[in-house]
Amino acid sequence: MARVQSSFVCSSCGNVTSKWSGRCEACGAWNTIHEEAPATSGPPSKSVTRAKGRNVPLTDLAAAEPPPPRTASGLDELDRVLGGGLVPGSAVLVGGDPGIGKSTLLLQGAAAFGLAGLSVVYVSGEEASAQVRLRAERLGLGTAPVRLAAETNLRDILTTLDGERPDLVVVDSIQTMWADNVESAPGSVAQVRAAAHELTSFAKRRGASVIMVGHVTKDGQLAGPRVVEHMVDTVLYFEGERGHQFRILRSVKNRFGPADEIGVFEMTGGGLAEVANPSALFLSERGTPAPGSVVFAGIEGTRPVLCELQALVAPTPQAQPRRSVVGWDGGRLAMILAVLEARCGIPFAGLDVYLNVAGGMKISEPAADLAVAAALLSAREDVALPPETVVFGEISLSGALRPVTQTENRLKEARKLGFTAAIAPRGGKAGDASGLSLTQMGDLTAFVGDVFGA
Ligand code: TYD
Ligand code: MG
């Protein structure tokens, strides 16, 4: 008989290898690889019959099952990120750093869905029911129609839920759940996967929605939410900087709506408050125009969001100058610096470069290229950009400016917030740009010449 091979799983990213190593090849994390017992394989069980694996024509399904109605919670920022509300039978994962506000968000969400008519059960594996009730009272939700349970044994939870048949189950957190038929310790990759699998199957079987909380873990002892991302329908991450009050709920995967959508909240003494106009909030701390500061007109999901990019460029005696980025991609920064040097003859050798997206925002759009270049140049030349100006556009390796999506929406948002000028690539459909002095340019050299006179 062939020897049964066990496999090694990274608890941070879920990558599977055949041998142990100290560092995960896939995500680079140290000490995150753990041995996992092999899944027992054997002949298919006798009870699997042909009928269970049967298939039906796609057209039949359409007629038989109309799309189920979504339920909106009334918390617009949450509903938008879910794709317009909660779909019955869907499994949602909400990941985020410990202490960022996941429990607060989901307790408020559970209460809102309860008030919207769903029967909701909030299962806490981290806090006793009394603690959850206290928190609910502090949030002004003491009378919300939500049932609480403090339990970690998955079998008990599922037995109760099968009896109660709620419309929505919130499980806080997936790392505390424990399946007694899996041998490894709670929080291990095997346990977290088993719990996510059981809860997802429950959602599909009963047509109930399940929202699971997953802590992003750093030490490698606990499995992170990434190991179950592939099992669920929707993956949301709750992000923010500890020092800032802004919190951003971002969808990174959604079978029932657009990905990359964001919802913006503010952590207050009375819980999370929705931020209906994030641009105003992100720009609220902006002072008088200073060298190195540029306002970028971005798009997050379906919504335009304006935010401030800040750059600092300082001489350094080091042979290897620093390149430090917060809120943007370090690789992309290196690319912009290389293009500025190669195409415009502006070197950054011997200069430390720091780039920061204000307000704890994270930007992934290439449309921020031109705004980054503008911030770098403005910091390097110590010249502030013209006031009340927004900048956006993608930069190619040749130094050409490429048009980006939704030019019109970006300009509209800028105008709404009182900006009077915009710099954008040539070729974008600007639509009605009245009220804004719009400068459209074809390449980076023209931009450098026009704006900085270099
Ligand atoms: P929590 O929801 O417990 O975080 P998580 O579940 O992601 O670990 O939130 C914890 C933080 O939020 C805590 O540091 C206190 C802060 N907080 C407020 O500022 N206001 C509030 O109303 C609540 C409930 C929490
Ligand atoms: Mg919590």
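Values in this text are rule-based calculations from the coordinates and carry no lab data. From a predicted model like this one, the values you see are computed outputs, not experimental measurements. FYI the Cβ positions are ideal-geometry reconstructions off the backbone, even for glycines, and counts take in every protein chain you see.
Calculate, in whole percent, how much of the Cα-Cα pair population of the chain lies beyond 40 Å.
Details: 32946 of 102831 pairs.
Roughly 32 percent, once rounded to a whole number.
Relative to the Cα centre, what is the charge dipole magnitude of the chain, using +1 at the beta carbon of each Lys and Arg, -1 at the beta carbon of each Asp and Glu, and rounding to the nearest 20 debye?
With only Lys, Arg, Asp and Glu charged at Cβ, the dipole is about 940 debye.
So what's the back-of-envelope 222 nm ellipticity for the chain, counting only DSSP H runs of four-plus at -39500 (n - 2.57) apiece and dividing by all residues, rounded to 500?
The helix-only estimate for the chain comes to -8000 deg cm²/dmol at 222 nm.
Report, to two decimal places, the Cα Rg of region 281-452 normalised by 2.2 N^0.38 Å (N = number of residues). Walk me through the numbers before you get to the answer.
Working: Rg = 14.9 Å, N = 172, 2.2 N^0.38 = 15.6 Å.
Taking N as the residue count of region 281-452, the ratio is 0.96.
Give me the angle, in degrees from 0 to 90, between the Cα long axis of helix 102-115 and the longest principal axis of the Cα atoms of the chain, rounded to the nearest 10.
So the helix axis and the longest Cα principal axis differ by about 70 degrees.
Please work through the chain and write down the cysteines that have no neighbouring cysteine Cβ at a distance under 4.7 Å.
307, 344
Based on the mean of other Cβ atoms within 10 Å per residue, sort peptides 160-167, 107-114 so the most packed one is first.
Ranked from most to least packed, the peptides come out as 107-114, 160-167.
As an exercise, take the mean of 1/r over every pair of distinct alpha carbons in region 67-136, invert it, and state the Kirkwood radius in angstroms. Spell out each step's value before the answer.
Working: mean 1/r = 0.0762 Å⁻¹.
So the Kirkwood estimate lands at 13.1 Å.
How many angstrom separate the Cα center of region 81-101 from the Cα center of region 364-404?
34
What number results when the radius of gyration of region 69-275, computed over Cα atoms, is divided by 2.2 N^0.38 Å? Please list the in-between numbers first.
On the way: Rg = 15.5 Å, N = 207, 2.2 N^0.38 = 16.7 Å.
Ratio of Rg to 2.2 N^0.38 Å for region 69-275: 0.93.
Would you work out which of 211, 69, 243 lies farthest towards the positive end of the dipole of region 69-275? Charges go on Cβ: Lys and Arg +1, Asp and Glu -1.
Result: 69, furthest along the dipole toward the positive end.
Could you tell me which of 225, 446, 264 has its Cα farthest along the dipole of the chain towards the positive end, charges placed at Cβ (Lys, Arg +1; Asp, Glu -1), taken about the Cα centre?
About the Cα centre, the residue reaching furthest to the positive side is 225.
Restricting to bridges with both residues inside region 69-275, how much of the DSSP beta-bridge set is antiparallel, in percent to the nearest 5?
The antiparallel proportion sits near 40 percent.
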